[in-house]
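This report refers to the structure that appears directly beneath it.
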Amino acid sequence: RDRSSARFNFPYGLVADTSGNVFVADTLNNVIRKIHIGSRMVTTLAGNASGGYADGIGANPSFSYPWGLTTDNSGNIFVVNGAIRKITPDGNVKTIVGRIITNPFFLDGNSSDACFSGPSDITLDNSGNMFVADLNGHCIRKVDSNGVVTTLAGNRLAALADGTGTGNPPSFNNPWGIAVDTSGN
């Protein structure tokens, strides 16, 4: 569709690739959209309006309320949608970290055992580690380059505190966004 007729329904996540194309998590339409930089045309990269959690290519994969997006230097898009899902440049979607479950659950562990509790945003550092704002888990999670998920900060309690050590750990109340700088902070 041309830009004047494209319609989004609660666009949340937004990321640009190295060519300047923009990708949008069109949350309530349950799709990932691409805005082509040259033509400004809007296309659906992956997903369909029906929602769900199926992997596949083109309109076959499904998302239920995709939120945050990030991209790597190879043009892959990473989406938080209950778990972490990867979309290759050709539109192939695969769940790569976490289990898709309908009731939010929190569990650190390897890529196939870990669970997120309402992940809302994602980012990558220069070493290939992913960081996830786990909204309902009230914490920040790290996924290392081997797919192992650990809780980096926060404690699943909704109280806010500035942690200064192990006796007073930091906590967050529904973290929505996350970013990392070039130094890994």
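Things to note:
- Which labelled figure in [x] 16.4, 56; [y] 17.0, 51; [z] 31.8, 132 is Rg and Dmax of the Cα atoms in Å, once derived from the coordinates: [x]
- Per residue, the chain exposes 50 Å² of accessible surface when a 1.4 Å probe is rolled over the protein heavy atoms with every protein chain present.
- Projected label distance in nm at S5 and T182, using a 7 Å step from Cα toward the beta-carbon: 4.3
The values are calculated or read from the model by the stated rules, or taken from the named source; none is laboratory data. Note that the coordinates shown come from a computational prediction; the quantities given were computed from them, not determined experimentally. We place every Cβ from the backbone using ideal geometry, glycine too, and count neighbours over all the protein chains shown. Just so you know, the surface numbers come from the protein's heavy atoms only, side chains and all, with ligands and any DNA or RNA stripped out. Shrake-Rupley method; radii C 1.70, N 1.55, O 1.52, S 1.80 Å.
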